[in-house]
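Sending over a structure as C-alpha cells; questions will come in a sec.
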Amino acid sequence: YAHILRDFLHTRYKTYSKELKRALQFHKSYIARHNSQIYEQLKTAFGHDIQQYYVRLNAQCDAMSDWYGTNISIYAFDYLSHRKENRMLLSLIWETALSQTFIDIRKKYSKKQINDNKVWAISELTAIAIWKKYFTEYDWNSVNVGYPELMPHQNKITKLFNTKKNFDEYLDNAVKLFKIIKL
C-alpha cells in the first residue's frame, strides 16, 4: 500500500505545483514578517526558549504536529481563504503550541504517569489558552477546541493557564487534573 500512497501524493503535488509555489511564497513572506513576534509571544507563554520548528506545507489535510519533535505541517491552501493571515497564524500557533506542550510534558512525566491521549488533550487545550491570552489582536474568542470530549475541560484548563505562576506549575496542575479525568 505504500506505493499507492506515494503515487497519490506525487500526483497531488504535481497537479497543484503552481498553486503550491504561490502558497510557498505567501507562507515564506508571512513568516519572514511575523516570525520574531510569534516566537517572542510563544517564548513568553512557555517561559523558555523554543527550538526552531520546521513547517511543511501539505496539500492533503489541515494541520499536524510532531509530538516528539519540532516538525509541523500546515495546509498549503490556507493562503486562498478569506482570512488567510488569521488562518495561517492559527495553524502555526496551534501546532507549535501543541507540539511544545507535548514535549514539555514528556520531559517531566513518563507514559506510565500520564498516557499520550491525555497529554494530547492537555496540549490541545493549552494551544487555545495560549492564543486567547497572547494573540489578542485576533478574534480567538469564538474559537473552541474541535473535539467534543475536550469541550467540558476547556474552561478549567484556560483558568489554570491564566492563573499560573509559571508554565512548569501549569503543567503540574494540568497533569494532576487529567490524571483523574476519563478520556
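Considering Cα pairs under 8 angstrom that are at least six residues apart, work out the relative contact order of the stretch 1-91 and quote it in whole percent.
23
So what is the diffusion coefficient of the stretch 144-183 in µm² per second by Stokes-Einstein at 10 °C and 1.306 mPa s, using a Kirkwood Rh over Cα pairs?
So the translational diffusion coefficient is about 149 µm²/s.
Lys and Arg at +1, Asp and Glu at -1: add these up for the other residues within a Cβ distance under 13 Å of Y68 and post the number.
Once positives and negatives cancel, what remains is 0.
Got a number for the accessible area of K179? Probe 1.4 Å, square angstrom, nearest 10.
Only protein atoms counted, so the area is about 100 Å².
Would you tell me the accessible area of E85, worked out with a 1.4 angstrom probe on the heavy atoms of the protein chains, in Å² to the nearest 10?
Approximately 70 Å² for this residue.
Along each of its three principal axes, how wide is the spread of alpha-carbon positions in the stretch 23-119, in whole angstrom units, largest first?
Extents along the principal axes, in whole Å: 43, 29, 19.
Test of understanding: in a Gaussian network model of the chain with alpha carbons linked when under 10 Å, which of Y109, Y53, Y13 would top the mean-square fluctuation ranking?
Comparing Y109, Y53, Y13 in a Gaussian network model of the chain, the most mobile one is Y13.
Work out how much length R33 to K84 would gain on full extension: take 0.36 nm times their residue separation and subtract the Cα-Cα distance, in nm to one decimal.
Gain in length upon complete extension: 16.9 nm.
Which one of Y68, Y39, L89 has its Cα pushed farthest toward the positive end of the charge dipole of the chain, where Lys and Arg give +1 and Asp and Glu give -1 at the Cβ?
Among Y68, Y39, L89, the one farthest towards the positive end of the dipole of the chain is Y68.
Return a whole-number percent for the relative contact order of the chain, with Cα pairs under 8 Å and 6 or more residues apart as the contact set.
17
Continuing with this model, one more query. Mind checking the dipole of the stretch 86-183: about its Cα centre, +1 per Lys or Arg Cβ, -1 per Asp or Glu Cβ, Debye to the nearest 20?
Charge dipole, the stretch 86-183, about its Cα centre: 460 debye, nearest 20.
If you take every residue apart from N173 with its C-beta less than 14 Å away from the C-beta of N173, what net charge results, scoring Lys and Arg +1 and Asp and Glu -1?
Net charge around N173: +4.
If you don't mind, another one. Given N residues in the chain, what is its alpha carbon radius of gyration divided by 2.2 N^0.38 Å?
That ratio works out to 1.08.
Now for a separate question. Given a 1.4 Å probe and every protein chain left where it sits, what share in percent of the accessible area of the stretch 42-170 is carbon and sulfur?
Answer for the stretch 42-170: carbon and sulfur cover 51 percent of the accessible area.
Here's another thing I want to ask about it. Provide the solvent-accessible area of M88, counting protein heavy atoms only and rolling a 1.4 Å probe, rounded to the nearest 10 Å².
Counting only protein heavy atoms, the figure is 0 Å².
State the dimensionless ratio Rg/Rh of the stretch 1-62 (Rg: radius of gyration of Cα atoms; Rh: Kirkwood radius).
Rounded to two decimals, Rg over Rh is 1.14.
Turning to a different aspect of this structure: Give me the angle, in degrees from 0 to 90, between the Cα long axis of helix 84-108 and the longest principal axis of the Cα atoms of the chain, rounded to the nearest 10.
Approximately 50 degrees, to the nearest ten.
Turning to a different aspect of this structure: What are the semi-axes of the equivalent ellipsoid for the stretch 66-107, taken as the square roots of 5 times the Cα gyration tensor eigenvalues, largest first, in whole Å?
Three semi-axes, in Å: 25, 9, 4.
Continuing with this model, one more query. Only four residue types carry charge here, +1 at the Cβ of Lys and Arg and -1 at the Cβ of Asp and Glu. Report the dipole size of the chain about the Cα centre in Debye, rounded to the nearest 20.
About 180 debye.
If you don't mind, there's one more thing I want to ask. Pulled fully out, how much extra length does the chain show between R12 and Q154, if you take 0.36 nm times their separation in residues and subtract their Cα-Cα distance?
Full extension from R12 to Q154 adds 47.5 nm.
Choose one of Y134, I114, A23: the residue whose Cα lies farthest towards the positive end of the charge dipole of the chain (beta-carbon charges +1 Lys, Arg; -1 Asp, Glu; about the Cα centre).
Towards the positive end, the residue furthest out is I114.
Per residue, how much accessible surface does the stretch 15-96 expose to a 1.4 Å probe? Answer in Å², no decimals.
Counting only protein heavy atoms, the per-residue value for the stretch 15-96 is 56 Å².
The values are calculated or read from the model by the stated rules, or taken from the named source; none is laboratory data. From a predicted model like this one, the values you see are computed outputs, not experimental measurements. Note that we place each Cβ from the backbone using ideal geometry, even for glycine, and neighbour counts take in every protein chain shown. Side chains included, ligands, DNA and RNA excluded: accessible areas come from the protein's heavy atoms. Shrake-Rupley method; radii C 1.70, N 1.55, O 1.52, S 1.80 Å.
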